[in-house]
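Right, one structure below, let's go through it.
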Amino acid sequence: MGADTKESLFDGLKILDFTWVGVGPITTKYFADHGANVIKIESVSRLDILRDAAPFKDGIPGINRSQFSGNYNSNKRNLGLNLSLPKTLELVKNIICEWQPDVISESFTPRVMKSWGLDYLSVKNMLPDVIYFSTCLMGQYGPHNNYAGFGNLAGAMAGFYEITGWPDRGPAGPYGAYSDFVNPPIAFGSIVAALDYRERHGIGQHIDLSQYEGAMHFLAPHIMKYNEDGSILGRKGNEDDRMYPHGIFPCLNKKRSLTSTKESWVAIAIEFEYQWEEFSKILRLPASIMSQNLAERKSNRDQIDLLISKWTSQYDSRYIMNLLQSHKIPSGMVQSQSDMWEDPHLDHLDFFQWLEHSEVGPMPYDGLQFTLSKTPGSLTRAQAMIGEHNLEILDEILSISPQEAANLLNEGILEQSF
């Protein structure tokens, strides 16, 4: 794809983005961060739920003030449309024919795009070599393809909630909408592969990513184990078959600010005997405990956990992390959101970046999730308000005048959140 001749890897790539919430927006943002021209289709009348999700700039709720959706949609232009109207769908089809996007992405259940005449087969008639990316909970085919839902449901159906938590309690589940966070790299790689294939062979394709199926791959070793001997993985807290200690332990919390958490924890994971020996010396554990092997330590975990907790509770979590890491013992402080702002690694990477938002002014945004050596990418545009680029996009693609755009706005075809 000629990366060595481009300022950014995906310069010139055009993406028409119908996705919302997590998987789709995160995926298309990877491309936007590296030069792609991404136009996000969004609606006020059918609002992306993340626009109503905290935290908000200055703590004031508003659909243009959410940092949650903001982090997933920076570097994109925004076209506000009411897709429930036939005239709007004709407008979209004209945009597709005139602009000829390389990639079209959507995250609805299969019936939605088909009902609009914007499914893969319909779009393929307009753009024979289009890369069409679909991602919904259960995929485009099969008996459950029209099950709607979010990533926490996909995570539960794949089995992650059943195995996450304590054995004597109900399922706890992994953080948030699990499948929304594990699937974007899969989607990104698939689209890049499809673009490469099209460049070499001139053929487009339909990529169907079931969020449920994509998440389930992260349980592959346990699925294979079940097929091998019938064993079923259950909840066992932070325990690990090959490591002990392996868990989080309470620490001294020196913070007193209003934004600080009331608790402080450090994660410790010891795999090798030399690590246990070094750890025992730091804690000055009795020789009778220091000499225990993995099986013995596990059988005596209640006593050892108590000794470790007594030691960790005397110190700040960052201090413990740095101390143990200096002795080659895997350890990390459990960071709150406010802790992330003080993380020396993120600070070194200049990870958090401020961009000027059209409504609320300067806002902090998460930086890029990966850096490419020749084409590193950049953050250049804050999340757009809904319909912020209506005039610009319609003039650029369809030569629609401001007066014509105003008429479309009055008809309810165009929408905007300002």
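Radius of gyration (Cα atoms) of the stretch 242-332, expressed as a multiple of 2.2 N^0.38 Å: 1.10. Farthest towards the positive end of the charge dipole of the chain, among the residues S179, S401, L13, is the Cα of S179, using unit charges on the Cβ of Lys, Arg, Asp and Glu.
Just checking the listed ones, E273, E239, E228: in the Gaussian network model of the chain with Cα springs under 10 Å, the one fluctuating most is E228. Shown is the FRET efficiency for E228 and K93, computed with R0 = 51 Å from the Cβ-Cβ distance and rounded to the nearest 0.05: 0.50. The Rg/Rh ratio of the stretch 281-418, with both radii computed over alpha carbons and Rh defined as the Kirkwood radius, is 1.30. Membrane-span-like helices of the chain, defined as complete DSSP H segments with a Cα extent of 24 Å or more along the helix axis and a mean Kyte hydropathy of at least 1.6, are absent.
Mean-square fluctuations from a GNM of the chain, with a 10 angstrom spring cutoff on Cα atoms, peak among F133, F279, F68 at F279. The charge dipole of the stretch 321-418, taken about its Cα centre with unit charges on the Cβ atoms of Lys, Arg (+1), Asp and Glu (-1) only, comes to about 600 debye.
Each residue of the stretch 53-60 was assigned a 3J(HN,Hα) from its phi angle through the Karplus curve 6.51 cos²θ - 1.76 cosθ + 1.60 (θ = phi - 60°); the sequence is 9, 5, x, 10, 4, 6, x, 9 Hz, with glycine and proline shown as x.
In the chain, a dipole from Cβ-located charges (positive for Lys and Arg, negative for Asp and Glu) runs towards its positive end, and of G24, F160, P61 it is F160 whose Cα lies farthest in that direction.
Here the stretch 238-355 is treated with +1 on each Lys and Arg Cβ and -1 on each Asp and Glu Cβ, and its dipole about the Cα centre works out to around 460 debye. Among N78, N322, N238, the residue with the largest mean-square fluctuation in a Gaussian network model of the chain, with springs joining Cα atoms closer than 10 Å, is N322. The charge dipole of the chain, taken about its Cα centre with unit charges on the Cβ atoms of Lys, Arg (+1), Asp and Glu (-1) only, comes to about 880 debye. Taking every DSSP helix (H) stretch of at least 4 residues in the chain, weighting each as -39,500 (n - 2.57) and dividing the sum by the residue count yields a mean residue ellipticity at 222 nm of -11000 deg cm²/dmol. Based on every Cα atom in the stretch 342-406, Rg and the maximum pairwise Cα distance Dmax equal 16.9, 52 Å. The Rg/Rh ratio for the stretch 99-245 is 1.08, where Rg is the radius of gyration of the alpha carbons and Rh is the Kirkwood radius. Based on DSSP, what percent of beta bridges with both residues in the chain are antiparallel, to the nearest 5? Within the chain, antiparallel bridges account for around 40 percent of the total. Under Stokes-Einstein, with the Kirkwood radius over Cα pairs as Rh, the value for the chain at 25 °C and 0.890 mPa s is 101 µm²/s. Taking 23 Å as the straight-line reach from the Cα of K14, the lysines in range (excluding those fewer than 8 positions away in the same chain) are K6, K29, K40, K76, K93, K114, K124, K374. Between M126 and D343, how high is the FRET efficiency from 1/(1 + (r/R0)^6) when r is the Cβ-Cβ distance and R₀ = 60 Å? Nearest 0.05. So, using R0 = 60 Å, E works out to roughly 0.80.
Since every read-out is calculated from the coordinates, none of them should be taken as a lab result. Since the structure is predicted, the reported quantities are computational estimates derived from the model, not experimental observations. Note: ideal-geometry Cβ built from the backbone for every residue, glycine included; neighbour counts use all protein chains shown.
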